[in-house]
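Step one of this worksheet: look at the structure below.
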Amino acid sequence: MSPWDDLPDTLDGQQRQVARDLDALFTDLWQHGATASLLAEIDRVVRLGVFTAADDAARVQQRDLRPAAPHPPELLAFAEQLAFVRAPIVRDRAVEVLSRASAGLISPYARLAAQMLVTDAARKGCTAAGIVGEATHKEFIRIRGVREPRAHSRYEGTVRPVDGTWTIAGIDVEGPGDERLPWSEKAWCGHGLRYFRR
């Protein structure tokens, strides 16, 4: 059994939990406005979600690259730093978006935010572990369940050198979730990269 087999279910469970938590917090934000304690709680939920997804994915990637090695402390530090960087972005964006949203948009927005932050964190955790593990190649894989067909699904199973690219939406990118991609190519995408050595 591959270390990757359980990752999609793990990430789906994390996404559901973060979406539930954010839905309640975003409803409160929409109804009562941005209080310091509410914003701090949004930060906490986002930090926990990002850290957990990045750490779980990094552990899977690390076990795949170096099965007998202990989990490197720099990967924990990376997950923690990513969580602290992402939390204010999600929090501030929620304040902005929900200030002009209707009540019916709160839950879909919470689900979208949860999906993007968990998947993005998992991708970044895999990449960090690939770098630490001195990977030479990367494979375009599905790390989440299929939500909708994507044009770039045709790349599943393709391999590139670690510095290679794929063309998504007409843009040469390092892989799925690349910062250069438009949101339409990142939202609901369940792809990531598996790093390995040849």
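The values are calculated or read from the model by the stated rules, or taken from the named source; none is laboratory data. Quick caveat: nothing in here was measured; it's all calculated off a predicted structure. Cβ placement follows ideal geometry from the backbone for every residue including glycine, while neighbour counts extend to all protein chains displayed. Note: areas computed on protein heavy atoms with side chains; ligands, DNA, RNA excluded. Shrake-Rupley method; radii C 1.70, N 1.55, O 1.52, S 1.80 Å.
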- Note on the structure: Subtracting the Cα-Cα distance of residue 139 and residue 69 from 0.36 nm times their residue separation yields 23.0 nm
- Item | Net charge, residue 139 excluded, C-beta distance under 10 Å - Lys, Arg +1, Asp, Glu -1 | +2
- Item | Per residue solvent-accessible surface (Å²) - the chain, probe of 1.4 Å | 48
- Query: Using modelled backbone amide H atoms (1.01 Å from N, in-plane), which distant-in-sequence or interchain residues come within less than 5 Å of residue 191's amide H?
  - Reply: 143
- Can you work out the FRET efficiency for the pair residue 103 and residue 146, with r the C-beta to C-beta distance and R0 = 41 Å, to the nearest 0.05? 0.85
- Query: For the pair residue 9 and residue 158, what calculated FRET efficiency results from E = 1/(1 + (r/R0)^6), where r is the Cβ-Cβ distance and R0 = 35 Å, to the nearest 0.05?
  - Reply: 0.90
- Message: Could you tell me how far the Cα centroid of the range 134-198 sits from the Cα centroid of the range 63-79, in Å?
- Response: 22
- Along the range 28-44, Karplus-curve 3J(HN,Hα) (6.51, -1.76, 1.60; θ = phi - 60°) to the nearest Hz, with x for Gly and Pro, reads 4, 4, 5, 6, 10, x, 8, 9, 4, 5, 5, 5, 5, 6, 4, 4, 4
- Query: When the chain is treated as a GNM, springs tying every alpha-carbon pair under 10 Å, which of 157, 49, 177 comes out with the largest mean-square fluctuation?
  - Reply: 157
- At 1.4 Å probe size, with no ligands or nucleic acids counted, give the accessible surface of residue 188 in Å², nearest ten. 80
- Message: Suppose the chain between residue 93 and residue 169 were pulled fully straight at 0.36 nm per residue; how much longer would it get relative to their current alpha carbon spacing?
- Response: 24.9 nm
- Query: If Lys and Arg each add +1 and Asp and Glu each add -1, what is the summed charge of the other residues whose beta carbon sits under 10 Å from the beta carbon of residue 82?
  - Reply: 0
- Message: Shape verdict for the chain, please, from the Cα gyration tensor: rounded (a/c under 1.5), prolate (a/b greater than b/c) or oblate.
- Response: prolate
- Under the Karplus relation 6.51 cos²θ - 1.76 cosθ + 1.60, θ = phi - 60°, what is the ordered set of whole-Hz ³J(HN,Hα) values for the range 117-134, x standing for Gly and Pro? 6, 5, 5, 4, 5, 5, 4, 5, x, 4, 5, 4, 5, x, 5, 4, x, 6
- Roughly how many percent of the accessible protein surface of the range 1-137 is carbon and sulfur, given a 1.4 Å probe and a whole-percent answer? 58
- Taking a ≥ b ≥ c as the square roots of the Cα gyration tensor eigenvalues, with a/c under 1.5 meaning rounded and otherwise prolate when a/b beats b/c or oblate if not, the range 127-198 comes out prolate
- When the chain is treated as a Gaussian network with springs between alpha carbons less than 10 Å apart, the largest mean-square fluctuation among 151, 128, 77 is found at 151
